[in-house]
């Protein structure tokens, strides 16, 4: 059975979307990937979309959405990023908190280091889950 990962942040418009984009691109069909937020924004951050496009990962079609109990119960790992008390906690589910700057309100030059850090962490998570990169 393939592992599942849910990336959670408040607005589901930047960090969680970029991390999910990396895991989908790097993990391919070997992993189930979900991305959600506690207070979803109207759209994904354009600087995040542009920064990801620079490294060949397309998140332009991503839509911020609210997490659901079912989403959380269906994954092996929940990665939280800056949602604090608004992130749901279910006993028995593995949680990892990534302290990463929020790209909201930042320009492309400021988003690139966030993108690069997310890629490093996603690759490390893949290794921990035994998921080999497809590229």
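Which one is surrounded by the most Cβ atoms within 10 Å (Cβ to Cβ), of the residues in the range 89-118 that are over 16 Å from residue 11 (Cβ atoms) and touching a helix residue (DSSP H, G or I) at 6+ places or on another chain (Cβ under 7 Å)?
Just the residues of the range 89-118 that are over 16 Å from residue 11 (Cβ atoms), to begin with: 89-97, 99, 107-110, 112-113, 115-117.
Subset that is touching a helix residue (DSSP H, G or I) at 6+ places or on another chain (Cβ under 7 Å): 90, 93, 107-108, 112, 115.
On the way: 90: 10, 93: 14, 107: 10, 108: 14, 112: 17, 115: 26.
Only one residue fits best here, namely 115.
Which of the residues belonging to the range 40-51 are assigned to a loop (DSSP other than H, G, I, E, B) and out of contact with any strand residue (DSSP E or B) (no Cβ under 8 Å at 6 or more places or on another chain)?
Once the filter is applied, which keeps residues that are assigned to a loop (DSSP other than H, G, I, E, B) and out of contact with any strand residue (DSSP E or B) (no Cβ under 8 Å at 6 or more places or on another chain), the range 40-51 yields 41, 42, 43, 44, 45.
So, in the range 62-85, how many residues would count as being crowded, with 17+ Cβ neighbours inside 10 Å and assigned to a helix (DSSP H, G or I)?
2
Of 102, 116, 97, which residue is at pLDDT 90 or above, over 22 Å from residue 3 (Cα atoms) and in contact with a strand residue (DSSP E or B) (Cβ under 8 Å, 6 or more places away or on another chain)?
Details: 116 fails: in contact with a strand residue (DSSP E or B) (Cβ under 8 Å, 6 or more places away or on another chain); 97 fails: over 22 Å from residue 3 (Cα atoms).
102 is the lone residue from the list that is at pLDDT 90 or above, over 22 Å from residue 3 (Cα atoms) and in contact with a strand residue (DSSP E or B) (Cβ under 8 Å, 6 or more places away or on another chain).
Of all residues in the range 101-135, which are over 15 Å from the mean Cα position of the chain (by Cα) and not in a helix (DSSP H, G or I)? Can you show your working first?
Just the residues of the range 101-135 that are over 15 Å from the mean Cα position of the chain (by Cα), to begin with: 105-110, 112-113, 127-135.
Listed by number, the residues that qualify are 105, 106, 107, 130, 131, 132, 133, 134, 135.
Provide a single number: the residues in the range 1-31 that are surrounded by 24 or more Cβ atoms within 10 Å (Cβ to Cβ), assigned to a loop (DSSP other than H, G, I, E, B) and touching a strand residue (DSSP E or B) at 6+ places or on another chain (Cβ under 7 Å).
1
Can you find a residue that is in contact with a strand residue (DSSP E or B) (Cβ under 6 Å, 6 or more places away or on another chain) and part of a loop (DSSP other than H, G, I, E, B) anywhere in the range 52-61? First the steps, then the outcome.
Of all residues in the range 52-61, those in contact with a strand residue (DSSP E or B) (Cβ under 6 Å, 6 or more places away or on another chain) come to none.
No, the range 52-61 contains no residue that is in contact with a strand residue (DSSP E or B) (Cβ under 6 Å, 6 or more places away or on another chain) and part of a loop (DSSP other than H, G, I, E, B).
Checking the structure you have, find out if any residue of the range 86-100 is part of a helix (DSSP H, G or I), free of Cβ contacts under 8 Å to residues at least 12 places away in the same chain, over 13 Å from the mean Cα position of the chain (by Cα) and on the phi > 0 side of the Ramachandran plot.
Residues of the range 86-100 that are part of a helix (DSSP H, G or I), as a first pass: 86.
With the extra rule that they be free of Cβ contacts under 8 Å to residues at least 12 places away in the same chain, the set shrinks to none.
No: zero hits.
The values are calculated or read from the model by the stated rules, or taken from the named source; none is laboratory data. Just so we're clear, the structure is a prediction, and the values are computed from it rather than from any experiment. Glycine also receives a Cβ, built like all others from the backbone with ideal geometry; neighbour counts cover every protein chain displayed.
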